[in-house]
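Notes follow once the structure below has been shown.
The values are calculated or read from the model by the stated rules, or taken from the named source; none is laboratory data. These figures come from a predicted structure and were not determined experimentally. Note: ideal-geometry Cβ built from the backbone for every residue, glycine included; neighbour counts use all protein chains shown. The protein model used for the area step is the full one, side chains on, heavy atoms only, and it has no ligands, DNA or RNA in it. Shrake-Rupley method; radii C 1.70, N 1.55, O 1.52, S 1.80 Å.
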Amino acid sequence: MSLDRELYKRADNKCELCGSEEHLQIHTLAPQKDETLKKSLVACKTCVDQIEDPETTDANHWRCLNDSMWSEVSAVQVVAWRMLTQLRTEGWPQDLLDMLYLDEETLEWAKATGVGVEEDENAVVHRDVNGVILQAGDSVVLIKDLKVKGSSMIAKQGTAVRRISLDRDNEKYIEGKVGPTQIVIITDYVKKMSEKE
Ligand SMILES: [Zn+2]
């Protein structure tokens with residue numbers, strides 16, 4: 001059986017990404033050039049166009065990954081990972097990405113085109129007093145008494161602040177609740193709590 005026929009058979013004559021049965025073609029994932037069963041997939045023109053030209057990407061189209069990201073075909077997993085990474089600021093792609101598990105080899109392949117890498121370098125990274133990277137949803141503990149701006153309240157050293165959020169524009173600021181009050185905290189005054197604390 002020819003490679004093309006084998007791919008179409010695997011795909012059940014549908015786009016392996018969105019399920020469309022129209023304008024199907026074989027798409028070989030960058031950075032590979034040659035069609036192989038492993039590194040190629042069957043996709044519709046809509047999917048291929050958007051993969052090849054990120055400028056034309058319609059985020060809503062990729063809600064199809066909700067289903068197809070569970071494919072056992074690693075080429076499909078790789079496209080899912082790349083598209084979700086590219087679209088993650090939309091919110092829902094990040095949620096899917098959190099659920100998507102790629103084995104080590106597949107993940108390395110997914111990252112091979114540099115999707116997500118460049119963005120990470122320019123992204124605002126928040127670090128605690130020890131230089132540990134902070135992420136939204138983390139819990140931190142205050143390492144000194146802090147006067148809460150605009151109130152007479154003092155947030156005491158040792159206070160735990162759970163489920164922090166990050167200031168997207170300023171790497172020095174995070175937000176979190178102390179008691180009922182949402183406060184802005186400077187990252188130099190917090191220490192990340194480990195899961196167990
Ligand atoms: Zn498609």
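Once the stretch 4-15 is narrowed to residues that are closer than 16 Å to S74 by Cβ and open to solvent by 30 Å² or more (accessible area, probe 1.4 Å), the residue that is nearest to the ligand (Cβ to nearest atom) is R10. For Q94, are the conditions met, namely being free of Cβ contacts under 8 Å to residues at least 12 places away in the same chain, away from the ligand (no atom under 14 Å from the Cβ) and polar (S, T, N, Q)? Yes, satisfied. Among the residues of the stretch 51-69, those identified as near the ligand (Cβ under 10 Å from one of its atoms) and modelled with pLDDT of 95 or more are H61, W62, C64, S68. Among the residues of the stretch 155-170, those that are in a loop (DSSP other than H, G, I, E, B) and either aromatic (F, W, Y) or open to solvent by less than 100 Å² (accessible area, probe 1.4 Å) (or both) comprise G158, T159, I164, D167, N170.
Restricted to helices (runs of 4 or more DSSP H) entirely inside the stretch 1-93, those with at least 3 residues that are closer than 30 Å to A136 by Cα and hydrophobic (A, V, I, L, M, F, W, C) are 74-86. Can E72 be described as exposed (fewer than 15 other Cβ atoms within 10 Å of the Cβ) and within 10 Å of the ligand (Cβ to nearest atom)? Against the criterion (exposed (fewer than 15 other Cβ atoms within 10 Å of the Cβ) and within 10 Å of the ligand (Cβ to nearest atom)), E72 does not qualify. V48 meets each of the listed conditions (1) open to solvent by less than 70 Å² (accessible area, probe 1.4 Å); (2) out of contact with any Asp or Glu (no Cβ under 8 Å at 6 or more places or on another chain); (3) more than 10 Å from the ligand (Cβ to nearest atom) apart from (3).
Inspection of the stretch 25-40 identifies at least one residue that is within 15 Å of the ligand (Cβ to nearest atom) and open to solvent by 30 Å² or more (accessible area, probe 1.4 Å).
Name the residues in the stretch 109-129 that are at pLDDT below 90 and of a type outside the set (V, I, T), would you?
K111, A112, G114, G116, E118, E119, D120, E121, N122, A123
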